[in-house]
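Single-structure report; data block below.
The values are calculated or read from the model by the stated rules, or taken from the named source; none is laboratory data. The shown structure was predicted, so the numbers you read here are calculated from the model rather than taken from an experiment. Counting neighbours? That spans all protein chains shown, and the Cβs are built from the backbone with ideal geometry, glycine included.
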Amino acid sequence: MSIATIDNQQVHYESIGQGESIIFLHGWIGSWRYWWPTMRAFSKRGRLYAFDFWGFGDSSKEPDKYFFGTYVEQLSHLIEHLGISYPVTLVGHALGAAVALRYAYLWPSRVRRLTLISPPIDGTVINQDLAEMETMEFTERYLFKFLSVKELQYEVQKSDPFAVSSLANQLLGYDFKTDIDKFDGSILVINGDRDQVIDQPLEETSSALRKNRNHHHVTLAACDHFPMLEQPSRFNRLLLDFLRLDHIRKAKPQSFKHRVSQKLPPSSR
């Protein structure tokens, strides 16, 4: 376990590998730990980092830090503290996707590319119960099949329910279309078609992305809120192909989507 002190609070983080800087950002349910299988799979692809937002995992539980803007600052300060080289690739899930988008909006030159899993592009698509129910109650109702997954089993219980509800409430009114429009780098959006946490309509996601840019969207069939855990082979294949396309600016978004999503190997689960 590695600990950094940021703004007089503890931030738990982990890192492995060498090469290009890739930072994984977790969502409302869980912690850095559910990224660990993906990080191991990509350990030869770059220098990988994952950390716990305040209120989650093994980072400090300080309610004064439970603000969306503060989480964006937490990411920025941790990058500076660890001396992570720019530009970075950000891989964000749900809440983490929102943080990644806002970071890229504020500092576009520091970000090489974005992979956004279940992003709340329009905050109104966030399940209202996430802001109103206790974290375990919400998980048992909507994500019960993941309670036996070791990467989530104990981490969910470490989350401060106030952090979950507070951040959900704050983002219910956000619209990230401007953040997407301003970012000139490559974007890959991955959704599960059975996601009950972020119910983002396909047409809204497509309308937010730009066909004349390197924006790509893939929806995984029969997949819920955690594609990296539920369909790891497919998820890793998508992410790997996205990272490999160093000349993605010369590729058409539709050809990328067809080549990746239509020829996926069977899920390992």
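So, in segment 84-143, of the ones that are over 19 Å from Gly69 (Cβ atoms) and of a type in the set (Phe, Trp, Tyr), which residue ends up surrounded by the most Cβ atoms within 10 Å (Cβ to Cβ)?
Phe138
Hey, does segment 148-171 have a residue that's modelled with pLDDT under 90 and within 28 Å of Arg110 (Cβ to Cβ)?
No, the conditions are met nowhere in segment 148-171.
Take residues that are hydroxyl-bearing (Ser, Thr, Tyr), at pLDDT 95 or above and over 25 Å from Ile16 (Cβ atoms) and tell me which of the helices (runs of 4 or more DSSP H) falling wholly in segment 49-134 contain 1 or more. Break it down stepwise before answering.
Details: elements: 68-82, 95-106, 129-132.
The qualifying helices (runs of 4 or more DSSP H) are 68-82, 95-106.
I'm checking my understanding of the structure. Among residues of segment 225-269 that are modelled with pLDDT under 95 and acidic (Asp, Glu), which one is farthest from Leu147 (Cα to Cα)?
Asp246
Could you list all residues from segment 135-169 that are part of a helix (DSSP H, G or I), free of Cβ contacts under 8 Å to residues at least 40 places away in the same chain and more than 21 Å from Pro119 (Cβ to Cβ)?
Matches in segment 135-169: Met136, Glu137, Glu140, Arg141, Phe144, Lys150, Gln153, Gln157, Pro161.
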